[in-house]
Amino acid sequence: MKALLFRFCADDRGTTAIEYALIAGIISIAIVGALHQIAPAIEGNFTTAADALDQ
């Protein structure tokens with residue numbers, strides 16, 4: 001049983017997937033934060049374009 005536990009603790013095959021998932025999560029949070037900051041400017045651009053088309 002002790003050997004099985006040590007072998008389980010030494011196994012690092014799944015760590016790469018966890019690292020990639022953490023990186024993807026951090027990138028997603030950064031993208032959402034950036035979009036939240038620039039949303040008013042983008043909305044203003046679309047409003048200006050829509051008003052120009054209405055005239």
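What to note about this one:
- Hits in segment 2-45 (condition: modelled with pLDDT under 90 and within 25 Å of the chain's Cα centre (by Cα)): 12, 13, 14, 15, 16, 17, 18, 19
- Some residue of segment 25-33 being exposed (fewer than 10 other Cβ atoms within 10 Å of the Cβ), polar (S, T, N, Q) and in a helix (DSSP H, G or I): no
The values are calculated or read from the model by the stated rules, or taken from the named source; none is laboratory data. What you see is a predicted model; the values in this text were computed from it and never measured. Note that each Cβ is placed from the backbone with ideal geometry, even for glycine, and that neighbours are counted across all protein chains shown.
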